[in-house]
């Protein structure tokens with residue numbers, strides 16, 4: 001089958017019947033300008049004269065005359081029986097043509113990519129972030145953020161989606177509930193109650209387009225410009241970005257062996273409006289917040305009238321003992337918003353996550369979603385609900401927990417044998433990556449650059465720090481790599497770092 005040819009975006013054309021310049025010349029100039037600017041690339045197919053005339057509300061003759069002028073000057077060419085196209089080999093002289101000015105107002109093209117942006121828009125472009133999880137060279141070990149996609153039960157999932165599609169009620173084809181598909185919210189509430197110790201009902205569950213969408217929504221509703229927000233340091237940079245996006249002041253709070261240091265947080269900013277934490281499996285260090293520290297954090301939030309966002313990062317994947325119960329389920333957790341996602345337990349492209357918000361915030365969150373007209377596709381939500389209700393979701397997590405434990409231990413063994421000279425590494429107790437600590441005064445960013453020359457992606461720990469303190473280290477994911485790939489990856493890493501392999 002021939003490859004589809006891109007067509008012109010019709011909404012970009014504007015004709016003014018009251019202008020002195022004839023309509024066909026207005027169209028000629030706008031199309032010529034779009035071709036010279038590169039908006040219409042060589043080979044782009046133009047609409048038929050009949051369709052274009054109907055779309056623009058002009059006579060077919062107007063379109064024909066504009067096309068004739070463009071063809072005469074070499075901008076476009078017709079192919080018998082196949083339509084009209086932007087000339088595939090444009091003459092350089094066309095890009096030196098200066099057309100006469102018209103009385104039709106044309107959208108100005110910014111000189112800079114940031115020109116015309118709002119202050120917030122310009123701020124977004126300046127955010128400093130590490131590489132996106134799983135993006136870029138996704139098959140280079142040991143990039144973080146990817147689950148074992150090759151082990152996802154695609155046939156089982158396909159059967160679920162097909163069955164749901166066949167049984168889809170016509171009533172579900174209308175505008176959906178902005179809070180999410182009710183049966184999915186019920187399944188999430190049941191799952192979190194049984195597996196995470198949360199205290200919630202389906203009414204408190206808000207389905208969002210992934211964890212980042214949930215963070216952005218919470219930031220918009222809970223933070224005003226210049227409000228302070230505690231962030232774990234080192235911590236999740238995209239949470240920092242979400243808070244900075246709304247103009248909040250980010251306050252880094254260091255992590256110790258018990259989790260976020262609440263005492264330092266209170267000393268630095270006792271009246272912060274919000275704290276973002278990953279207590280079950282801290283990102284990126286993997287620390288589990290102690291019970292004493294959890295209650296200390298809750299007491300601070302109650303006294304300060306602050307909110308806590310609990311990102312339950314990788315909580316399903318604990319290999320020693322049962323998963324740690326959620327902070328949200330403890331006594332005195334009325335100020336906690338719980339954030340979860342299906343990206344790691346199912347697959348990232350699903351783009352479904354969820355917030356569990358206190359009852360007092362439900363109406364505000366639903367209103368914000370309705371105002372923004374954010375409605376998630378119903379088919380994916382219905383499929384996940386069915387997948388959970390039939391028990392496939394829980395079975396999949398058990399299978400993956402076993403697989404990840406095996407891969408994590410294998411990476412630990414390989415790294416100790418071949419990288420022991422430069423990395424101090426602990427056996428994985430949870431999560432999808434290991435932290436390898438480098439010798440003091442070692443530049444972890446330089447070590448990451450050396451690894452990349454061997455087609456290995458390790459994330460330098462300093463990329464997740466807000467304060468330039470602490471020992472250097474690297475993150476190595478094992479979730480998405482087979483044992484053979486892990487072994488080969490460690491060998492290439494050893495060559496990159498000039499270590500003696502055991």
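Derivation of every value follows stated rules applied to the coordinates shown; laboratory data play no part. Since this is a predicted model, take the numbers as computed values, not measurements. All Cβ positions, glycine included, derive from the backbone under ideal geometry; neighbour counts span all protein chains shown.
Structure data summary
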item: 0 to 90° range, to nearest 10: angle between helix 483-497 axis and the chain longest Cα axis; result: 90
item: Förster radius 56 Å - calculated FRET efficiency between residue 484 and residue 60 (Cβ-Cβ, nearest 0.05); result: 0.35
item: Peptides 184-191, 146-153, 452-459 ordered by average Cβ neighbours within 10 Å, highest first; result: 184-191, 452-459, 146-153
item: Helix axis angle, 182-195 relative to the chain longest principal axis, alpha carbon, degrees; result: 20
item: Helical mean residue ellipticity (222 nm; -39500 (n - 2.57) per DSSP H run of 4+; nearest 500) of the chain; result: -11500 deg cm²/dmol
item: Residues 375, 365, 347, sorted so that the one with the fewest Cβ neighbours within 10 Å comes first; result: 375, 347, 365
item: Packing-based ranking, highest mean first, of 158-171, 242-255 given that Cβ atoms within 10 Å are counted; result: 242-255, 158-171
item: Antiparallel DSSP beta bridges within the chain, as percent of all bridges there, nearest 5; result: 60
item: Cα-based helix-to-principal-axis angle, 60-72 vs the chain, degrees rounded to 10; result: 90
item: Structure-derived volume of the Cα convex hull per residue in Å³: which label, when the choices are (1) 136; (2) 156; (3) 210; result: (3)
